[in-house]
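Some notes on the structure that comes next.
The values are calculated or read from the model by the stated rules, or taken from the named source; none is laboratory data. Keep in mind it's a predicted model, so treat the numbers as computed, not measured. Every residue, glycine among them, receives a Cβ derived from its backbone with ideal geometry; neighbour counts consider all protein chains shown.
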Amino acid sequence: MTQRNGFVREIQLPQIHDPRGDLTFVEGGNHIPFQIARVYYLYNVPVDSERGGHAHRELEQVVFALSGSFRMKIDDGTTKSEYWLRDPRKGLCISKMVWREMDAFSQGAVCMVLASHRYDEADYFRNYDDFLKALESETK
Ligand code: T46
């Protein structure tokens, strides 16, 4: 773990360097701060695509660029930040209640996500104002 910024932190995975090709591994219960319930990946992403645009009530995730690069824009309701993912050894761990948007995909980019829960549409805030209202009610 290399860096913290509120609700987001970077996770550095090991790399086994080898002239035959590099190898990186992820161990549940070791590198990832939650039990992995789901893995999904984005591929065949058009370079002008914009994804995300939502927050999650409970879900935590670690996002990797396995190939190529893209930008993640992060908003915890108070602070906005940007992360460029381009190293398959480095994941971005995103807590619950964080608004995220993704863009600037390079040609052939592959994004892999390790998630703490199975897919549940009811876990999403897809409306930014609803997300802000929920944050406000949490702090009351
Ligand atoms: C995030 C970024 C990186 C499923 O049926 N199962 C799944 O596991 C997922 C993730 C999605 N879906 C369905 C739900 C929607 O009908 O696939 C469609 C697109 O899903 P979503 O709007 O979540 O896709 P993205 O790429 O905009 O966002 C996803 C994650 O939800 C999000 O948390 O950080 O990838």
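Computed values, structure above
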{"quantity": "Any hit, the stretch 52-69, residues being closer than 19 Å to GLU101 by Cα, touching a His at 6+ places or on another chain (Cβ under 7 Å) and surrounded by 11 or more Cβ atoms within 10 Å (Cβ to Cβ)", "calculated": "yes"}
{"quantity": "Check on GLU10, surrounded by 10 or more Cβ atoms within 10 Å (Cβ to Cβ), among the charged types (D, E, K, R), touching a residue at least 12 places away in the same chain (Cβ under 8 Å) and assigned to a strand (DSSP E or B)", "calculated": "yes"}
{"quantity": "Index of the failed condition, SER137 passing every other in (1) surrounded by 17 or more Cβ atoms within 10 Å (Cβ to Cβ); (2) more than 11 Å from the ligand (Cβ to nearest atom)", "calculated": "(1)"}
{"quantity": "Qualifying residue in the stretch 100-111 (condition: closer than 23 Å to THR139 by Cβ and more than 10 Å from the ligand (Cβ to nearest atom))", "calculated": "no"}
{"quantity": "Some residue of the stretch 117-127 being more than 11 Å from the ligand (Cβ to nearest atom) and farther than 15 Å from LEU59 by Cβ", "calculated": "yes"}
{"quantity": "Residue list for the stretch 56-89, restricted to those being of a type in the set (D, E, K, R) and within 11 Å of the chain's Cα centre (by Cα)", "calculated": "GLU60, ARG71, LYS73"}
{"quantity": "Tally of residues being surrounded by 15 or more Cβ atoms within 10 Å (Cβ to Cβ), over 12 Å from VAL62 (Cβ atoms), touching a residue at least 24 places away in the same chain (Cβ under 8 Å) and out of contact with any Leu (no Cβ under 8 Å at 6 or more places or on another chain) across the stretch 77-101", "calculated": "4"}
{"quantity": "Residue among PHE64, PHE7 that is within 16 Å of the ligand (Cβ to nearest atom) and modelled with pLDDT under 95", "calculated": "PHE7"}
